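The values are calculated or read from the model by the stated rules, or taken from the named source; none is laboratory data. All of these numbers come straight from a predicted model, not from anything done at the bench. As a convention, Cβ positions derive from the backbone with ideal geometry for all residues, glycine included, and neighbour counts pool all protein chains shown.
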């Protein structure tokens, strides 16, 4: 008689409900709701200006929402921001670096900001360097690094405190094909025991790095599913065709402009 192995529960690490952000009369994010479980890599796709970065900034507590709720590991980002942020690793778009520091010096600095010291700090920095394949440039000044290594250094700082949740805004933007492949592989590997939310407008990243993806247009989710489900929804087997079908192009007027015409 065979013994059935109990399944490992999958915990919801990111919970977003009815998230809305308005800037004056403009609604950048419009009642978004989604969740990400441990072991999931959720791709957040959409054209430029769809509200991806604004959503990321609200999820990380950098930008307050107009309305709605955000929870990280069950902790409200709005009510308990400090506690929630301890569980987040954040790679913002165009993440800042200190060019006069070495890679190791920058990561030591980041670890100290997060309250790490002594052996814990040393181990955290060594692990981040190893995870992001920075061993060969660890002692180099940041201003001498290629764009790919600068990107990896930024990613390494987000991993120093071994966060349960990773928020990555356009993590492969501006990288060459080899560098993109390396970062996507790293995201998939990290996603095995974390919850990852990353924004992109590069459709090939859905199949390369995601376990699930949503497409956002004008602040609203218009498609949600696994990579295979999205391909099937296209009707043609092309994510590009689906993307073009459900999103608005720059040449199309906004709804209020259509009404006024």
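Of the candidates 52, 71, the single residue that is crowded, with 18+ Cβ neighbours inside 10 Å, assigned by TED's automatic domain parsing to the domain that holds residue 16 and modelled with pLDDT of 95 or more is 71. Of the residues 61, 43, 39, the single one that is touching a helix residue (DSSP H, G or I) at 6+ places or on another chain (Cβ under 7 Å) and in a loop (DSSP other than H, G, I, E, B) is 61.
Just one of (1) in a loop (DSSP other than H, G, I, E, B); (2) within 28 Å of residue 23 (Cα to Cα) fails for residue 115. It is (2).
Considered as a group, the residues in segment 173-193 that are out of contact with any strand residue (DSSP E or B) (no Cβ under 7 Å at 6 or more places or on another chain) and in a loop (DSSP other than H, G, I, E, B) include one that is nearest to residue 70 (Cα to Cα), and that residue is 193. In segment 236-251, the qualifying residues are those that are part of a loop (DSSP other than H, G, I, E, B) and modelled with pLDDT of 55 or more, and the one that is farthest from residue 224 (Cα to Cα) is 250.
State whether one or more residues within segment 90-99 are touching a strand residue (DSSP E or B) at 6+ places or on another chain (Cβ under 6 Å), assigned to a loop (DSSP other than H, G, I, E, B) and either at pLDDT 95 or above or surrounded by fewer than 20 Cβ atoms within 10 Å (Cβ to Cβ) (or both). Yes, segment 90-99 contains at least one residue that is touching a strand residue (DSSP E or B) at 6+ places or on another chain (Cβ under 6 Å), assigned to a loop (DSSP other than H, G, I, E, B) and either at pLDDT 95 or above or surrounded by fewer than 20 Cβ atoms within 10 Å (Cβ to Cβ) (or both).
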